[in-house]
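Have a look at the structure below, then the notes.
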C-alpha cells in the first residue's frame with residue numbers, strides 16, 4: 001500500500017481554536033441565566049467541544065432565544081434523559097450546535113407531571129422535537145400548539161411514556177389498528193377540501209401521512225403525521241449491549257445505514273477513549289462517500305419521478321446499480337453495509353477492489369455530469385423546479401433546515417467541514433453551496449456533491465494509510481455522556497449517548513436530519529399548486545424510516561383491536577390471539593355466513 | 001381498394017368493433033415497448049395488453065356506495081361506444097371508411113371527445129377526492145387541447161374545401177400535407193398526446209399527486225373499458241393523422257408504414273418531456289398551440305385566395 005498519507009493535523013489545537021471563541025460568547029450571554037439556577041449554577045465542560053449549562057425551566061425560553069439572538073448556532077435536538085425511579089428526576093437536554101461546539105442546556109424536571117415552556121414559537125424546528133419529547137416522557141411543553149401524537153399510534157394508552165426507565169412495554173397486540181384516515185371530509189366549505197397523501201400512496205414509497213387542504217389546485221394548509229414505521233429503537237438500545245446496538249442502529253435507515261453505524265461507533269469510541277486506526281477511518285469515509293452517491297442517485301430518480309420525468313428516473317436508478325455493486329464488492333452487502341466495528345472496520349480494501357472502485361467512480365462521475373446538464377438545461381424540467389419552493393437564507397436558518405436542503409439556500413452547514421470527524425480531518429471535503437434556494441438549487445447541490453464524493457474517494461484510495469484495521473475495544477464502557485454528529489446524505493445526524501459503566505448504554509438518542517427539514521417543507525407547500533407538492537416533499541429527500549424509530553402495545557383499555565369470539569358482549573375487551581386461533585375464527589366466521 | 005364487407009361484420013368484427021380493439025391493443029404494445037426501450041427498460045411481451053384487458057374483464061367490479069350506479073356503469077360504455085363509432089368514419093387498415101357523409105370529420109372529432117367527457121363525469125360521480133381533482137383537471141385539459149387539435153385537423157379540410165373525410169383524402173391523394181402544413185401536423189400529433197393523457201399531458205392522472213385521477217375508484221370492467229377506449233382512441237387518432245396529413249392510406253401495409261412512425265414520434269416526445277402542471281398545459285395550448293394553428297389557417301386562406 002502507498003504510505004504517503006498527509007501528515008496528521010494537530011486535531012485538538014485546531015478544534016480548540018474553533019471552539020474557544022464560541023464558548024467565550026456562550027458564557028457571556030448565558031451567565032445571568034446560569035447563575036440563577038438553583039441546582040448547580042455555572043458551566044462545566046465534560047469534553048473539549050462541549051459545554052453543559054444547568055438552567056431553571058422558567059428561563060428556558062430566554063436562554064434558547066439568546067442563542068438565536070446572538071447568532072450562535074442552531075437547536076440540534078432535545079434529548080430526554082430519565083435518571084430512573086431511584087434518583088427520581090429526569091432531565092431535558094437542549095443541544096445547540098455552532099461549528100464544532102455543542103452547548104447543552106440542562107433542565108431538571110420531576111419524573112411525573114413536569115412541564116417546560118414551549119420554545120417552538122421562537123424556534124419552529126423545536127416543534128417536532130417537543131412533540132416527540134412529550135409523547136415519550138410525558139413532559140408536555142406549555143404553549144405548544146399541537147400536542148397530538150407524532151410517532152406513537154393514536155390508540156396508545158394515556159399515561160404510558162415509553163422512554164421512562166420503569167415503563168415496561170407490554171408484548172405486541174396481534175392486530176394493530178391504524179385509524180384517523182377514515183375522516184369523511186370531502187367538502188370543507190368554500191370549495192376547500194383535503195387531499196390526503198399517504199400512508200399508502202403512489203407518491204410515497206415509505207409511509208407518512210400528509211393532509212393538504214386545497215382550494216381548487218392551490219394548497220392553503222398542510223399537516224403531517226409520522227410514526228407508521230416507528231420501531232422503538234431508542235428504547236430497544238437500553239436492553240442490548242454495545243455490540244448488538246451497532247447492528248440495531250444500522251437498521252435505523254436503509255439508505256444511510258453507514259451514517260448511523262458510524263455515528264454510533266464514533267460516540268462509543270469517544271466514551272471508551274479508543275482511537276480508531278487511520279486505515280479504518282479512511283475505509284469508513286470511502287463507504288460514507290459511496291453511500292452518499294447511492295443516496296443522491298436514488299433521490300434523483302425519485303425526485304424525477306415525482307415531477308413526472310420517468311426517463312430520468314429509470315436512467316439514474318440504472319446507474320445506482322453500479323454504486324450498489326461497488327458497495328457490495330467492498331462490504332459484502334448492498335443495503336446494510338455493516339462495515340463498522342466498534343474500534344475499526346470489518347473489511348479491508350485491496351488493490352483489485354480499489355481499481356474496481358476507480359473504474360466505477362469514473363463511470364458514475366461521467367453519468368452525474370450528464371444528469372447535472374439535464375437538470376440545469378432541460379427547459380421543461382426547469383419549469384417544474386426553477387423558482388419553486390424557494391427558501392431564503394434567513395428562512396432556512398429560522399426553520400432549522402439541514403443538509404443539502406439548507407446548503408441550497410446558502411446556509412453553510414456541513415458537519416464534515418464544521419466539525420470534522422474520523423478521516424475527514426485528514427482528507428477534508430469542500431462544502432457545496434448554492435444561493436438560489438429553489439428546487440433547482442437542491443438538484444444542483446446534490447449532484448455537485450456527487451462530484452465531490454467521487455474525488456474525495458479517489459484521494460483516499462491513493463493515500464490509504466497503512467495501519468491495522470481494528471483496535472481493542474473494552475466490553476464495558478466507562479460512565480459518561482457524549483455527542484456524536486455525522487453528516488448523513490440528508491444532513492446532520494445527531495447522536496447523544498450516555499453510558500453507565502456497564503456493557504449496555506444508559507440512553508441513546510437519535511435525531512435524524514429528515515425530522516429537522518419537515519418544518520421547511522410544510523411551510524413551502526402553502527400557496528403552491530398541488531402539483532408541486534410531491535416534488536417539494538421529494539426536494540428535501542425525506543426518509544421515513546429514519547424519522548420513525550413503532551412500538552405496539554396491548555392494553556385492556558383500548559377501544560380498538562380484535563373482539564374476542566368468546567366475549568362478544570364486552571366490546572372493550574382485547575386479548576392476544578395465536579395465529580391458529582385467528583385462523584379458526586376466520587373459518588367459523590365464514591361458516592356462520594359472515595357478519596350477521 | 002374496394003372490399004365489400006357486410007355492415008354488421010364491419011361494425012362488430014372487422015375492421016371495426018373487435019378488430020379495432022385488438023389492433024388497438026397491439027398498437028398499445030408497440031407503444032409500451034417503444035417507451036420502455038427508450039427508457040432503458042425491457043418492456044412487455046406482445047400479448048401483455050390483451051392479457052391485462054382480459055384479466056381486468058374477469059375481475060370483480062366494485063361499485064362505491066355513494067355513487068350513482070347507473071352513471072358509474074354507463075359512463076365507460078358511453079365512452080368506448082363513442083370511440084368505436086368514430087372508428088366507422090376513418091379509413092382503418094387502409095380500407096375506405098364504412099360510412100361517410102358531409103361533415104363526418106367534425107362528428108368523428110366530437111365522438112372522440114366523448115371518452116374524455118365520460119372520464120371527467122366518472123371522476124365527478126365517484127366523489128373521491130383524488131377523482132374530483134382528476135376530473136377537474138381532465139375537463140380543464142379538454143378545453144386546452146380540443147380547439148387547437150380540431151383546428152389542426154381541419155387544416156387539410158380547408159385545403160380541399162370539404163368537411164367530408166373521403167373527399168379530403170381523395171383531394172390530397174399523394175400530397176403529404178405534413179410538409180406543406182407542418183405546424184398543423186405537429187399540433188395534431190401533440191394534440192393527440194393531450195387527448196390520450198400521455199406524458200407530458202398526464203397531469204389529470206398524475207399518480208404522484210392524485211393516484212389515478214378521475215378513475216381512482218374504478219376497478220375491473222369499468223376500468224378496462226376506459227382503458228380499451230383510450231387505446232382504441234389512439235389507433236383512430238393515428239389513422240386520422242396518417243390519412244389527413246400523410247397522403248391518404250392505401251391498404252394495410254401502407255397503414256402500418258404510415259402510423260408506426262407517428263407512434264414512434266409520440267413515444268419519443270413522451271420519454272423526453274417532464275409532466276406539465278395543469279396551468280402550464282393550458283398556457284402552452286392557448287399561447288402557442290392555438291395561435292400557431294391560426295397562423296397556418298391565415299396562410300392557407302390567403303394562398304387559396306391568391307390561387
Where labels lie 7 Å past Cα in the beta-carbon direction, separation of residue B:32 and residue A:585 in nm: 4.0 nm
Pairwise FRET efficiency - residue A:430 versus residue A:121, Cβ, R0 = 41 Å, nearest 0.05: 0.65
Between residue A:275 and residue A:392, what is the label-point separation in nm under the 7 Å Cα-to-beta-carbon projection? 4.8 nm
Could you work out how much longer the chain between residue A:376 and residue A:24 gets when fully extended? Use 0.36 nm per residue separation minus the Cα distance between them, nm to one decimal. 122.3 nm
What span do the alpha-carbon atoms of region A:19-167 cover on each of the three principal axes, reported in whole Å from largest to smallest? 49, 34, 25
With axes computed from alpha carbons, what is the tilt in degrees of helix B:104-126 against the longest principal axis of chain B, rounded to the nearest 10 within 0 to 90? 20 degrees
Along the Cα→Cβ direction, 7 angstrom out, place labels at residue B:54 and residue B:22. What is the inter-label distance in nm? 1.2 nm
How much length is gained if the chain between residue A:356 and residue A:239 is pulled fully straight, taking 0.36 nm per residue apart and subtracting their Cα-Cα distance, in nm to one decimal? 38.0 nm
Hey, with R₀ at 41 Å, roughly what FRET efficiency would residue A:17 and residue A:218 work out to, going by the Cβ-Cβ distance, to 0.05? 0.20
In nm, what is the difference between 0.36 nm times the number of residues separating residue A:45 and residue A:192 and their Cα-Cα distance? 47.5 nm
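For chain B, what's the relative contact order in percent, using C-alpha pairs closer than 8 Å and at least 6 residues apart?
The value is 26 percent.
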Enter the angle in degrees (range 0 to 90, nearest 10) between the Cα long axis of helix B:182-195 and the first principal axis of the Cα atoms of chain B, meaning the one along which they spread out most. 20 degrees
How big is the gap, in Å, between the Cα center of region A:274-290 and the Cα center of region A:467-504? 14 Å
For the protein assembly as shown, restrict the atom set to alpha-carbon positions and state the Rg and Dmax in Å. 32.2, 104
Neighbour counts of other C-beta atoms within 10 Å: give me A:376, A:331 arranged from fewest to most. A:376, A:331
Once you keep just the Cα pairs under 8 angstrom separated by 6 or more residues, what percentage relative contact order results for region A:19-167? 19 percent
Quick one: if the Förster radius is 22 Å, what FRET efficiency do residue A:200 and residue A:154 give, using the C-beta to C-beta distance and rounding to 0.05? 0.85
Order of A:345, A:431 under a 10 Å beta carbon neighbour criterion, fewest first: A:431, A:345
Which ordering of B:189, B:73 is given by a fewest-first count of other beta-carbon atoms within 10 Å? B:73, B:189
Any idea what angle helix B:69-87 forms with the longest principal axis of chain B, computed on alpha-carbon atoms, 0 to 90 degrees, nearest 10? 20 degrees
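Each reported figure results from applying straightforward, stated rules to the coordinates on display, with no laboratory input. These numbers were taken from a predicted model, which means no experiment stands behind them. Heads up, the Cβs are rebuilt from the backbone with ideal geometry, glycines too, and the neighbour counts pull from every protein chain shown.
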